[in-house]
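Please read the structure below before turning to the comments.
Quick note: the coordinates plus some simple rules give every number you see, no bench work behind them. As the structure is a prediction and not an experimental result, all values here were calculated from the model. Here the Cβ positions follow ideal geometry from the backbone for every residue, glycine too, while neighbour counts run over all protein chains shown.
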């Protein structure tokens, strides 16, 4: 057991590094207007901006030399192969989404997550297809950072993590909890024969996310007068929307291509009014 945790920590660090080489791949589809980009963020606490900007440039460099080329090769696969890979990876996350649904007191969403996992695992060939969505169980995202927010924890300062990308104090802690307690990672890390799974999962997730968000990131970079400030703003707005369960915040990483055809999920504020 004494060797398990250090090995697990190394595996999670490498997997997360691959996934998060440029975490801007998890940002919104809609880029802010140029005049919005020029406005200073008065409601985002960024006391480490000077250091954060330096780390951001390093992350961009790592993306250019590593993740972006791999995503380009992945992009030549048929659409069905890429969509199946994305669905499979999303299905692996569903048990942990359900745990966070329960921790947040979201009984209906917890039931949806459980139904999605069993339907897609049994009828969707281990999640490579998404029949659950067509049966009235749409996908949604929850993580430990969102759970901490629901419990009342504040964002804390904005942080640009080396390799991992944009975050804040609360989400950084949440990411660590996600990494260690995710059922798939936790189970496979304890097996000598399956300890490669977090590596493979991390690599596949990072490449898939980067390829799906290729054009979005290019548009953000091209249309931004200050790319760092744009990423900071979009990341923060998406996380706040996700915490409220707004439809615009359900992307970590971005929604499946079929999500455009789904009705927006009601926000927590809407549910309270009802």
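With 10 angstrom as the radius, rank 227, 235 by how many other C-beta atoms surround their C-beta, starting from the fewest. Each step should come with its number before you reach the end.
Details: 227 19, 235 24.
Ranked by crowding around the Cβ, least crowded first: 227, 235.
Let me check against my output: what whole-number percent is the relative contact order of segment 116-155, with C-alpha pairs under 8 Å and at least 6 apart? List each step's numbers first, then the result.
Details: 22 pairs, mean separation 11.0, N = 40.
That works out to 28 percent.
Of 68, 93, 193, how do they rank once you tally other Cβ atoms within 10 Å and put the fewest first? If you can, show how the numbers build up before the last one.
Working: 68 19, 93 23, 193 7.
In increasing order of surrounding Cβ atoms, one gets 193, 68, 93.
Arrange the following residues from fewest to most other Cβ atoms within 10 Å of their Cβ: 160, 135.
On the way: 160 25, 135 13.
Listing 160, 135 from fewest to most nearby Cβ atoms yields 135, 160.
Stretch residue 196-residue 222 to full length: gain in nm at 0.36 nm per residue minus the Cα-Cα span? Could you put the intermediate results ahead of the total?
On the way: separation 26, 0.36 × 26 = 9.36 nm, distance 3.76 nm.
This chain segment gains 5.6 nm when fully extended.
Report the gain in length on full extension from residue 173 to residue 64: 0.36 nm times residue separation, minus Cα-Cα distance, nm rounded to one decimal.
Working: separation 109, 0.36 × 109 = 39.24 nm, distance 2.73 nm.
The residue 173-residue 64 span can extend by a further 36.5 nm.
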